[in-house]
Amino acid sequence: MSPPDAPSSPPAIAADSPASAAGAAVAPLGAPLVALVGNPNVGKTTLFNALTGSFAKVSNYPGITVERRSGVHRAGGRALEILDVPGTYSLVARSAEEQLAIDSIVGLGGQPRPELVVLCVDATQLSRSLYLLLQCQELGARCMVALTMVEEAGASAPDPKKLSAILGCPVVATDARRGRGAEVLGQAMVDALQAPSAPVWRWTPSPSLQESMQKVRAKLPEGWPQNDGMALWALSSVDDEHELAHIPEALRREVSACKLDQALDDEPVLGRWRFLDDQVSRATVGQPDRSRTERIDRVLLHRGLGFAAFLGVMFVIFMSLFAWSEPAIGAVEAIFELAKDGARGVLGQGVFADFITDGVIAGVGAVLVFLPQILLLFLFLGFLEDCGYLARVAYLMDRIMRTMNLHGRAFVPMLSGFACAVPAVMATRTMERRRDRILTMMVVPLMTCSARLPVYTLVIAALIPASHTVQGLLMVGMYAFSVVTSLIAALVLSRVMRPLRAKRLPFFIELPPYRFPRMRGVLLMMWQRSSMFLREAGTVILVCSMALWALLYFPRHLPKSAPDYDAMIAVAPEAERPALENAKASALLLGSYGGRLGHAIEPAIEPLGFDWKIGVGLIGAFAAREVFVSTMGIVYSVGGEADETDTGLRQALRDERTAEGKPAYPPLVGLSLMIFFALACQCMSTLAVVKRETGGYRWPAFLFAYMTGLAWVVTFVVYQGGRLLGF
Amino acid sequence: MSRLSDLRRGATATVRAVEGVRSFRRRLLEMGLVPGTQVKVVNFAPLGDPLFIEVRGARWSLRKQEAAEILIAPDAPAAAGVP
């Protein structure tokens, strides 16, 4: 027996070390690794949360940007490290992402080999869930089954004892939705760890398939399990167009040389299903009651009502997002104003005090102020996903998506694009082919991401004088605009760009039964994703805010032609001082590096209705869209530091005047600004992640060029057209 | 032989074979759409496509074009065509 399989001595439990305190996410050294594996929508993550008490260590799988979640479960004085393997229907893989399942189960690609594989099996979908178990057993993994959705299965729930006898491994019934069964499962896992592990085959491969398996087995690289299950996996997964990682060329050649015909290729699948159909049905009685899902689908997937309901759901989400988050935003703004005042009181005047208040505190505030909307959006998305509606959205929208040459699966990344293009670009990995991934990546950044919300919110509230309803409708309009432009962009790009042309792809997706969302899981996911925003976007924003503050602050020289403001302020009457201080601040800003840069690009943006101050904001926004707001905040807090009225950025924008004394930003400029932001690729993080996902600078460079060009042209047409019409 | 795409709403049939490219065929087979399996066309999406089918108590969506790759034997006409 190889060392990893040898029964390890009981792991030392460092009960006193802080890392192993209750609720810690990091497992003590030597804790056995248990992998949770299962189909999507079987309640695997809920089970994971129940086992680990929600203290998950979230990281990325090396090389690809898929979340790797692990945690610790304690049972009977033993610590187990639990790994939540991404949901899958089969271990056969075509892409690096699908390969995660096999890597996690047998310990390839730098993953540790688990000592136990727990199959999360939907009691209402027994056969299909158990298909995965048969694959794991063929690989020689030590397996056990955790039945989920037992209550939902009702009278049709399988008898764990019967099932255990049929499958030859322990079977435990859990009810993950109510948190019950975690202790029972934990003890069962500890017991199962003692069982021996050896490959189990439920069907007999034909002689010619066995011959191929033998040949391929000889070419399996070192470190892989040297068994028939692994050889069969390679035979089924590897082909000349595979996108798998760490497949040696010798193995690929051998698989290619075997040239399985269709009958041999289908043989393992049919063999497994024969076993499942013959045997597993013996453990169940009747069918689970699906009448609730059928009734709901009759309405939500109805020809007319379905689309109406879809539009209604989206409308409600975005209206409430716009209205409900307002008090929270106001509160955050108020808190940071207080913090700035407090810091100023402590630190007094000077470069350092300016840096802390206007650079650091204002920058952090600019990040946190939009957390309410992001939390709300992820709450809605998590809710829709959990109750099963999100898959229906893909079904309802496929006809439209396909017209634009987008894969149906592209809908989920594009929907994620409403939150942030960075995770959305990562989510394109769920698509099999590179062409679909890249095409989706090229249009996802056009979706109204949460980083645009701050800009739209600011512009609408400050520059569009209208009722809340009209303002809300305008926001919905910006979302609709982004959907339309991204779909058109997909269509055009897939026709014009040679590497993006492609044949149609299958659209075979499950529409899971409707279920009541588990609020704990939804909230947990909401928190994890929001904190990811804070970590990944927030840090960039903060650094850029500080850099921009410096850009707009230094060198702090007044032009030689400027009057001696300090002397004038010293002798001026109280009432005139603010105006003088304003003028001085403006002069300083004008002379700053940022001010000069803003001036430099003014000729390029003047035809769009933007002045140099917006130019400075745009320069900042290229680091990340929401930085536009903090930049404008710095621009105006520098200019309005002595402003007694202290009405905030919105009022400052409203009050901004041109040299002729007219409002500098009439509603038409507000609209131009929003359209520019809808289309321009002003996000360093998006470009960075696209570079990472496509493995080169070519696609991010193209993305930046086409979006910025598009933004300039469309904004030009809107602004100049609006002026011609007299707005 | 008929194809799944030929069925009307509410009709049921038995799968005979799955055609199409390797990855597509394998995926459908692995989901349990193996020969001999009962399949029901529950509905069509509002724009007529994709289909909404039921296999082994689970609900799936697939496009008409893909449904045309699934060869079937329709169940008794009395059962087929019932709305």
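A simple spin-label model places pseudo-atoms 7 Å from Cα toward Cβ; at A:Glu211 and A:Asp191 they are separated by 4.6 nm. When A:His557, A:His407, A:His246 are compared by accessible area of protein heavy atoms, the largest-first order is A:His557, A:His246, A:His407, using a 1.4 Å probe. Of A:Lys219/A:Lys259; A:Lys340/A:Lys662; A:Lys219/A:Lys691, which pairs sit farther than 23 Å apart, going by alpha carbon to alpha carbon? Checking Cα-Cα distances, A:Lys340/A:Lys662; A:Lys219/A:Lys691 exceed 23 Å.
Rolling a 1.4 Å probe across all protein chains gives A:Arg596 an accessible area of roughly 120 Å².
Each Lys or Arg adds one and each Asp or Glu takes one away; over the other residues whose Cβ falls under 11 Å from the Cβ of A:Leu244, this sums to -4.
Sparsely packed loop sites in segment A:371-405 (the trypsin sites (Lys or Arg not before Pro) outside DSSP H, G, I, E and B with at most 13 other Cβ atoms within 10 Å) do not occur. DSSP assigns beta bridges within segment A:89-213; of those with both partners inside it, close to 10 percent run antiparallel.
Heavy-atom accessible area, probed at 1.4 angstrom with all protein chains present, ranks B:Trp60, A:Trp324 as A:Trp324, B:Trp60, highest first. If I ignore ligands, DNA and RNA and count only protein heavy atoms, how much of A:Asp289 is accessible to a 1.4 Å probe, in Å² to the nearest 10? About 110 Å², ignoring ligands and nucleic acids. In the context of the full protein assembly, A:Trp233 retains an accessible surface of approximately 10 Å², using a probe radius of 1.4 Å and ignoring ligands and nucleic acids. Each pair of Cα atoms in the protein assembly as shown enters the Kirkwood radius, and Stokes-Einstein at 10 °C and 1.306 mPa s then converts it into a translational diffusion coefficient of 54 µm²/s. The value of relative contact order for segment A:185-331, using C-alpha pairs under 8 Å at least six residues apart, is 19 percent.
Screening chain A for whole DSSP H helices with an alpha carbon extent of at least 30 angstrom along the helix axis and a mean Kyte-Doolittle hydropathy of at least -0.5 yields A:303-347, A:468-496, A:698-724. The slack in the chain from A:Ala155 to A:Arg495, taken as 0.36 nm per residue of separation less the alpha-carbon distance, amounts to 117.1 nm.
Of the heavy-atom accessible surface of chain A (probe 1.4 angstrom), what whole percent is carbon and sulfur? Carbon and sulfur atoms account for 62 percent of the accessible area of chain A.
Once you have a ≥ b ≥ c as the square roots of the Cα gyration tensor eigenvalues for segment A:18-192, tell me rounded if a/c is under 1.5, and otherwise prolate or oblate according to whether a/b is larger than b/c. Here segment A:18-192 falls in the oblate category.
Between A:Asp240 and A:Ser256, the contour length at 0.36 nm per residue exceeds the alpha carbon distance by 5.0 nm.
Quick one: longest stretch of chain B between exposed loop trypsin sites (Lys or Arg not before Pro), exposed meaning at most 14 other C-beta atoms within 10 Å and loop per DSSP? Longest stretch, sites excluded: B:10-83.
Normalised by the number of residues in chain A, the mean separation of alpha-carbon contacts (under 8 Å, six or more apart) gives a relative contact order of 10 percent.
Whole-Hz Karplus values for segment B:68-76 come out as 5, 7, 9, 7, 9, 10, x, 6, 2 Hz, taken residue by residue from phi with 6.51 cos²θ - 1.76 cosθ + 1.60 and θ = phi - 60°; glycine and proline positions read x.
What full-extension length gain, to one decimal in nm, is calculated for A:Asp278 and A:Gln528 as 0.36 nm per residue of separation minus the Cα-Cα distance? Contour length minus the Cα-Cα distance gives 85.7 nm. Of the residues A:Val484, B:Val34, A:Val285, ranked by 1.4 Å probe accessible area with the largest first, the sequence reads A:Val285, A:Val484, B:Val34.
With both residues required to sit in the protein assembly as shown, DSSP beta bridges show an antiparallel share near 65%. Helices in chain A, meaning DSSP H runs of at least 4 residues, each add -39500 (n - 2.57). Divided by all residues, the mean residue ellipticity at 222 nm is -18000 deg cm²/dmol.
Here the contact order of segment A:18-192, divided by its residue count and restricted to Cα pairs under 8 Å and six or more residues apart, works out to 22 percent. Peptide B:17-25 shows a mean partner chain C-beta count of 4 within 10 Å per residue C-beta.
The values are calculated or read from the model by the stated rules, or taken from the named source; none is laboratory data. Just so it is clear, the model here is predicted, and its values are computed rather than measured. Reconstructed Cβ throughout: ideal geometry from the backbone, glycine too, with neighbour counts over all protein chains shown. For the accessible areas, the whole protein counts, side chains as well, though only heavy atoms, and no ligand, DNA or RNA atoms are used. Shrake-Rupley method; radii C 1.70, N 1.55, O 1.52, S 1.80 Å.
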